[in-house]
1. Could you work out the local net charge near Pro331, counting Lys and Arg as +1, Asp and Glu as -1, over the other residues with Cβ closer than 11 Å to its Cβ?
2. Which whole-number percent is the relative contact order of segment 234-367 (Cα, under 8 Å, 6+ apart)?
3. Can you tell me the Rg and Dmax of segment 237-367, counting just the alpha carbons, in angstroms?
4. Based on the alpha carbons, how large is the Rg to Rh ratio for segment 162-247 when Rh follows Kirkwood?
5. Hey, fewest Cβ within 10 Å first, where do His228, His293 land in order?
6. Determine the sum of side-chain charges near Leu214: Lys and Arg each +1, Asp and Glu each -1, restricted to other residues whose C-beta is under 11 angstrom from that of Leu214.
7. Do you know the relative contact order of segment 193-259, to the nearest whole percent, from alpha carbon pairs under 8 angstrom that are 6+ apart?
8. Order of Thr344, Thr212, Thr183, Thr297 from fewest to most other C-beta atoms within 10 Å?
Amino acid sequence: MIDYVLTILASFFLSFAITLPFINLLYKFNIRRISKLDLEKLLPGRTIKMGTPVMGGAVIIFSTIVVSLFLLNDWNYLPMIILVLIFGAIFGGIDEYVNTLGRTFLALRISQSTDKVVRSFFPTNGIFNHIKKTLLVPWKLFEETLRIMGGEQRGLKNHYKFLMYLSVAIIPIIYMEANSHVTSLYLPYLGSFELGYFYYIFLAFLLFGFGTALGITDGMDGLSAGTHSVAFLCYGILASYLGYTEVATLSFILLGTELAFLYFNINPARFEMSDVGTLPIGMVMVLIASLIHREATLLLIGGVFVIEILSSVSQQLAVRFFKKRLFLVAPIHHHFEKLGWPETKVTMRFWIISIILGLLGLALGLS
């Protein structure tokens, strides 16, 4: 147990030590939150957050990798975890970069550079143009489906984001298959069910879902880091009890780095996590549950994230098909903010909900 305590402290102090220089770096390069006009129109009080540095999740990712290399260098799953952290942070950073510049600017630059190449293979008239349109029908259907499910946003379009997230999810799937990872799904009180290759489809769904859900939850000062900390504490305890020492160590490393981040992210936040942190952290949370064969606990230990993404998706579907809103603002934490709750009250009550769900998840996982 003392080893786990020292692990938490080591990752906390490393992350704490590099945070202030990193914040200064973000200010120096003007990597800050831009105005979100749609949200600020619904919640005028959020204009005060304009100018807050973003991409703070890079501190968590860097600290986690450094401490893991020292403490878990013999663990055969460490390369998989590091690759997910690195590529998840890169793709999350791309999304945040587009979100900062604005989609129109970047789309114009990309289209100008690619249109010449496309036109060289597909002339704009005649049979080639008809062939191109026919070949693009599946892509257009895919694009429209993701647009309906996710709504409009300033950053990367949802179908591009989906492909990026999926490319990160493929990394652990390939790695687990190569290492003969167990493909059965354990359901407490019901036993294990062999899924074969369908397990990897299920895993990809979880990786994408939680990578997205943690990003949606990152909407208030302290909300993400606080709920993440509760989840990793629960998984650290659960993995330790079940005998997965390396997974427990990884969970406690993430707990320490999240707590250091939370210190600077408490309202008023010095910086924000953004997709640089939420995407890889969400995916690693799923991998932790998978490695200890307790995927079902994600519904409870990650219950806040599940509620957040369901509120966002259901709002989009309700508006799209019924022209009505289920919530004043989605995701649900903004609904309570719109009701007049102070941001700190919403955040702390979500922490409490996360703790209660985490305890239930522990009970479920230990059964």
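Derivation of every value follows stated rules applied to the coordinates shown; laboratory data play no part. Note that the structure is predicted; figures quoted are calculated from it, not measured. Here Cβ is always computed from backbone atoms with ideal geometry, including for glycine, and neighbour counts include all displayed protein chains.
1. -3
2. It comes to 29 percent, rounded to a whole number.
3. 16.6, 51
4. 1.01
5. His293, His228
6. -3
7. The normalised contact order for segment 193-259 reaches 27 percent.
8. Numbers: Thr344 14, Thr212 24, Thr183 17, Thr297 27.
Ascending Cβ contact count within 10 Å gives the list Thr344, Thr183, Thr212, Thr297.
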